[in-house]
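S.K.: I am attaching a structure below and will ask some questions about it afterwards.
The values are calculated or read from the model by the stated rules, or taken from the named source; none is laboratory data. Keep in mind it's a predicted model, so treat the numbers as computed, not measured. Positions of Cβ are backbone-derived with ideal geometry, glycine not excepted, and every protein chain shown enters the neighbour counts.
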Amino acid sequence: MNALIWTFAALAAVLAAAGCRWQFWRPVKKGFLSLMYHHIGVTDKKDGQFPFTIPPQQFEMQLEMLKKHGFTFIGLRELKAAAEQQKPLPQRPVLLTFDDGYADHFDALFPLLKKHGAKALIFLITDSVGKPGYLTWEQIRQMKQSDLVDFGSHTHTHARLRKLSNEDALKELTLSKRLIEENLQTPCEAFCYPFGSGGFDKRIRPLVFQAGYLFDFSTKPGVNPWPWNSAKTLLRAFPRGGETPTDFYIQITRGKSKF
């Protein structure tokens with residue numbers, strides 16, 4: 001009998017631990033969902049980029065799951081219209097965001113966006129454009145012309161802004177914005193911080209808006225209440241390489257799958 005009691009106690013402890021780690025026990029969150037990606041490709045589990053890399057087949061499954069659960073893909077245009085109260089967001093809006101502007105965004109991501117009619121926002125490190133492993137301006141223009149992809153800034157050199165002076169931080173912000181606008185002939189209105197919450201502070205955030213951006217995205221996970229409280233950065237759920245469909249479902253309904 002004691003052995004049976006201990007078995008049940010151990011099982012209860014395991015289930016409790018799983019419930020604490022995974023977020024399925026939390027209520028479904030409503031609002032504006034933004035997902036943060038980096039690479040679409042295949043890499044070894046030992047590669048440091050593995051958590052930031054989603055295989056194309058897995059990403060396509062995620063697109064299909066989003067559609068199955070009633071999400072509507074939106075772009076920056078729809079987000080701006082809703083923020084300015086010109087037009088409301090759909091009931092379950094989702095914005096796919098991609099950091100850094102890698103070459104696989106053109107080779108692997110773009111065909112899937114076209115296949116599924118999905119939209120995306122790519123944050124460019126403008127100093128890296130045209131370098132090996134990154135998008136070229138010609139590819140960027142082609143993606144922009146599809147009306148499926150918008151482009152924002154990820155600074156000019158992927159600098160950790162909080163370590164810079166105000167003057168140097170503004171240079172990173174304004175140079176990147178200017179290069180995107182000159183090459184695409186369209187306003188650059190979205191920005192995301194390199195190094196996530198470790199890359200900026202209360203001193204830096206006002207500089208982003210001073211530089212002329214309308215939206216700033218962080219790496220803090222969650223679902224954004226809507227209307228957006230612009231006193232806070234926009235949250236982004238972070239699907240990782242190696243996660244299961246269950247993990248992804250929890251990501252898109254709770255804003256994160258694990259602590």
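S.K.: May I ask you to list the residues in the range 100-109 that are without any contact (Cβ under 8 Å) to a residue 60 or more places away in the chain and part of a strand (DSSP E or B)?
M.R.: none
S.K.: Residues in the range 182-194: is at least one touching a residue at least 60 places away in the same chain (Cβ under 8 Å), charged (D, E, K, R), out of contact with any Ser or Thr (no Cβ under 7 Å at 6 or more places or on another chain) and in a strand (DSSP E or B)?
M.R.: Checked against the condition, which is being touching a residue at least 60 places away in the same chain (Cβ under 8 Å), charged (D, E, K, R), out of contact with any Ser or Thr (no Cβ under 7 Å at 6 or more places or on another chain) and in a strand (DSSP E or B), the range 182-194 yields no hits at all.
Rundown of residues vs (1) in contact with a Leu (Cβ under 7 Å, 6 or more places away or on another chain); (2) modelled with pLDDT under 95; (3) surrounded by 14 or more Cβ atoms within 10 Å (Cβ to Cβ), yes/no style:
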position: D147; (1), (2), (3): no, no, no
position: T174; (1), (2), (3): no, no, yes
position: E181; (1), (2), (3): no, no, yes
position: V223; (1), (2), (3): yes, no, yes
position: G242; (1), (2), (3): no, yes, no
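S.K.: Looking at E138, E84 in this structure, which one is surrounded by fewer than 21 Cβ atoms within 10 Å (Cβ to Cβ) and within 28 Å of V28 (Cα to Cα)?
M.R.: Step by step, each of E138, E84 is checked, and only E84 is surrounded by fewer than 21 Cβ atoms within 10 Å (Cβ to Cβ) and within 28 Å of V28 (Cα to Cα).
S.K.: Let me ask you something else. Tell me, please, whether a residue that is touching a Lys or Arg at 6+ places or on another chain (Cβ under 9 Å) and surrounded by fewer than 22 Cβ atoms within 10 Å (Cβ to Cβ) can be found in the range 99-109.
M.R.: Looking for residues that are touching a Lys or Arg at 6+ places or on another chain (Cβ under 9 Å) and surrounded by fewer than 22 Cβ atoms within 10 Å (Cβ to Cβ), one finds none in the range 99-109, hence no.
S.K.: Across the range 134-167, which residue is farthest from the chain's Cα centre (by Cα) among those that are outside any loop (DSSP other than H, G, I, E, B) and polar (S, T, N, Q)?
M.R.: For the range 134-167, the residue satisfying everything is N166.
S.K.: Let me ask something additional. Can you give me the number of residues within the range 195-229 that are touching a residue at least 60 places away in the same chain (Cβ under 8 Å) and either part of a loop (DSSP other than H, G, I, E, B) or of a type in the set (K, R) (or both)?
M.R.: 9
S.K.: Which one of L89, L79, L95 is in contact (Cβ under 8 Å) with a residue 40 or more places away in the chain, part of a strand (DSSP E or B) and under 15 Å from W228 (Cα atoms)?
M.R.: After ruling out the rest, the residue left standing is L95.
S.K.: Suppose the filter is of a type outside the set (F, W, Y) and under 17 Å from G75 (Cα atoms); does G130 pass it?
M.R.: Answer is no for this residue.
S.K.: Here is a follow-up. Only one residue in P51, P55 is modelled with pLDDT of 95 or more and either surrounded by fewer than 18 Cβ atoms within 10 Å (Cβ to Cβ) or under 25 Å from E189 (Cβ atoms) (or both). Which one?
M.R.: Result of the check over P51, P55: P55.
S.K.: Here is a follow-up. Give the residue that is surrounded by the most Cβ atoms within 10 Å (Cβ to Cβ), with candidates limited to residues of the range 19-48 that are aromatic (F, W, Y) and at pLDDT 95 or above.
M.R.: My answer is Y37.
S.K.: Another question, then. So L112 clears everything in (1) under 30 Å from G70 (Cα atoms); (2) out of contact with any strand residue (DSSP E or B) (no Cβ under 7 Å at 6 or more places or on another chain); (3) without any contact (Cβ under 8 Å) to a residue 40 or more places away in the chain except one condition, right? Which one?
M.R.: The failed condition is (3).
S.K.: Right, K67: outside any loop (DSSP other than H, G, I, E, B), farther than 24 Å from T136 by Cα, among the basic types (K, R) and more than 16 Å from the chain's Cα centre (by Cα) or not?
M.R.: Criteria met by K67.
S.K.: In the range 88-133, how many residues are under 21 Å from Y213 (Cβ atoms) and over 16 Å from the mean Cα position of the chain (by Cα)?
M.R.: 5
S.K.: On to the next question. Confirm whether F106 is of a type in the set (F, W, Y) and under 29 Å from R254 (Cβ atoms).
M.R.: no
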